[in-house]
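Participant: Handing you this structure, nothing more for now.
The values are calculated or read from the model by the stated rules, or taken from the named source; none is laboratory data. What you see is a predicted model, and the numbers here were worked out from it, not measured in a lab. No Cβ is skipped: glycine too gets one built from the backbone with ideal geometry, and neighbour counts run over all protein chains shown.
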Amino acid sequence: MGITLVKGQKIDLTKGSSGLSFLTVGLGWDPVQEKGFFGRKRGVNIDCDASAILLNGQGKLVKDSNLVCFYNQVSGCGSVRHSGDNLTGDGDGDDEQIMIDLKKVPADVEKILMVVNIYQCVERGQDFGMINSAYIRVVNSQNNQELVRFNLTDNYGGYTALLAGEIYRQGGEWKFNAVGEGAYAAHIDILAERFQ
């Protein structure tokens, strides 16, 4: 079990771990349970999409290929890969994963921001107040050891996107920041525009 962080906390991922080069960032969530007929509980069908935005030192997305999401599953440099789209969030464990090869991340990329947005949130009238048990975790892909976990426990009602966490480069080391910030964006492309 890794270190559990709270919003705003930062941790060094690579200090003392010279061999750490492959990370898996797991994001998970569950739809809230609504009472249906005869008191049975059922989950609302919510399609959350995890994405990674590769940013330069000024916090800018400088290339379209630096947005890794359900429709662009590999960054242009090949350092970041998306596991594929989970349409419901049902089941245990990570709903979507983003794999990062730290040695392949180009020198001009200083930060990899992990975000989640709700697909067709406007059409379906959905927001993150309808999500339970959201988290982001970072795992050493080489031995499957969880390094850090951040449970997103704030009330995100009304928000249609979440800036969950970021992996960033500082002084030759890779670190993790538990961001946990809500945002309004009907699509990942709209969210990405904030960084152009």
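Participant: Any residue that is among the polar types (S, T, N, Q), surrounded by fewer than 21 Cβ atoms within 10 Å (Cβ to Cβ) and in a strand (DSSP E or B) - is there at least one of those in segment 136-146?
Facilitator: Within segment 136-146, one or more residues are among the polar types (S, T, N, Q), surrounded by fewer than 21 Cβ atoms within 10 Å (Cβ to Cβ) and in a strand (DSSP E or B).
Participant: Can I ask one more? Do you know which residues across segment 148-180 are surrounded by fewer than 16 Cβ atoms within 10 Å (Cβ to Cβ) and either part of a strand (DSSP E or B) or among the hydroxyl-bearing types (S, T, Y) (or both)?
Facilitator: Result: T153, Q170, E173.
Participant: In segment 112-123, which residues are surrounded by fewer than 19 Cβ atoms within 10 Å (Cβ to Cβ) and not acidic (D, E)? Let's see the steps before the verdict.
Facilitator: Kept after step one, since they are surrounded by fewer than 19 Cβ atoms within 10 Å (Cβ to Cβ), are these residues of segment 112-123: 119-120, 122-123.
Within segment 112-123, Y119, Q120, V122 meet the criteria.
Participant: In addition: What is the one condition in (1) under 19 Å from I53 (Cα atoms); (2) in contact with a Cys (Cβ under 9 Å, 6 or more places away or on another chain); (3) at pLDDT below 95 that Q196 does not satisfy?
Facilitator: Going through (1) under 19 Å from I53 (Cα atoms); (2) in contact with a Cys (Cβ under 9 Å, 6 or more places away or on another chain); (3) at pLDDT below 95 one by one, Q196 breaks only (2).
Participant: For segment 125-182, name all the residues that are among the small types (G, A, S), closer than 18 Å to D12 by Cα and without any contact (Cβ under 8 Å) to a residue 12 or more places away in the chain.
Facilitator: G171, G172
Participant: Which one of these is touching a Cys at 6+ places or on another chain (Cβ under 6 Å) and closer than 16 Å to I53 by Cβ: V116, V109?
Facilitator: When all the criteria are applied, what remains is V116.
Participant: Before we move on, is S65 surrounded by fewer than 17 Cβ atoms within 10 Å (Cβ to Cβ), under 16 Å from C48 (Cα atoms) and in contact (Cβ under 8 Å) with a residue 12 or more places away in the chain? Working first, answer last.
Facilitator: Numbers: surrounded by fewer than 17 Cβ atoms within 10 Å (Cβ to Cβ): yes; under 16 Å from C48 (Cα atoms): no; in contact (Cβ under 8 Å) with a residue 12 or more places away in the chain: yes.
No, not satisfied.
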